[in-house]
Amino acid sequence: MTDRQNPKISSRKQPKQVRSTELVTAILEAAAQVLAKEGAQRFTTARVAEKAGVSIGSLYQYFPNKAAILFRLQSDEWRTTTNLLRTILEDTRRPPLERVRTLVHAFIRSECEEVEMRVALDDAAPLYRDAPEAQEAKASGQHAVQLFMQEILPEASEATRTLAADLIKTTLSTVGKHFSESARTSAEIEAYADTMADMFCAYLEGLKSGGSRRLGWQSRQ
């Protein structure tokens, strides 16, 4: 039995002229609308082409299949999130814990504002999540997080910083996803983000004041 191959998810070519750029933009905007309305199961290249008002042949000039379109939407979302993360965490004019609080608020608001698209992209993830391109895209924000952990926990071991970063990212992503699945008011979002930020700040302060030695010991068990 042969292994099932991942579909090609890279764009066939990059637009070089204004007209081509506008075509790709129209396709991606249509794809986002189709995905949000129809969901991942009913998402097809034919529906996207019809919504964009282009021929299926024009669509295939840039995207070989629906997985490529979905991956482009997901990678754009990852890029936006990574840029947000870097902008906040690399702003050394502000104290580290203030940056943590700002990041939590921005992330939770973003999760709530884009919940329909995020849920649909999560459903579509099996089409491309194991492809090398997806792994590279997901890893692009790691450097900024590592530098921030070195800044805020300079005395901690590398294992401690790695574990702390993973715990915060996983908690933020998982809890943020669960929280955003129900309609929330602005006041609820602010209160929830404040509480989560308090938790992360207390955790990091604990590591700075001696908890890093305990966590570093535990991580080696």
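The values are calculated or read from the model by the stated rules, or taken from the named source; none is laboratory data. Remember, it's a predicted structure, so these values are computed and weren't measured experimentally. We place every Cβ from the backbone using ideal geometry, glycine too, and count neighbours over all the protein chains shown. Calculation scope for accessible area: heavy atoms of the full protein, side chains included, ligands and nucleic acids excluded. Shrake-Rupley method; radii C 1.70, N 1.55, O 1.52, S 1.80 Å.
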Handout entry: Among the candidates ARG101, ARG47, residue that is part of a helix (DSSP H, G or I), more than 29 Å from SER173 (Cα to Cα), at pLDDT 95 or above and over 12 Å from the mean Cα position of the chain (by Cα)
Key = ARG47
Exercise for the section: Can you confirm whether the range 176-190 contains a residue that is modelled with pLDDT under 95, open to solvent by less than 30 Å² (accessible area, probe 1.4 Å) and not in a helix (DSSP H, G or I)? Expected result: no
Problem - Of all residues in the range 122-148 being within 14 Å of LYS169 (Cα to Cα), surrounded by 14 or more Cβ atoms within 10 Å (Cβ to Cβ) and of a type in the set (A, V, I, L, M), the one that is modelled with the lowest pLDDT - result: ALA144
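Criterion first (under 22 Å from ARG184 (Cβ atoms) and in contact with a Lys or Arg (Cβ under 9 Å, 6 or more places away or on another chain)) does VAL48 satisfy it? Don't jump to the end; show me each part of the working.
Working: under 22 Å from ARG184 (Cβ atoms): no; in contact with a Lys or Arg (Cβ under 9 Å, 6 or more places away or on another chain): yes.
So VAL48 fails the test.
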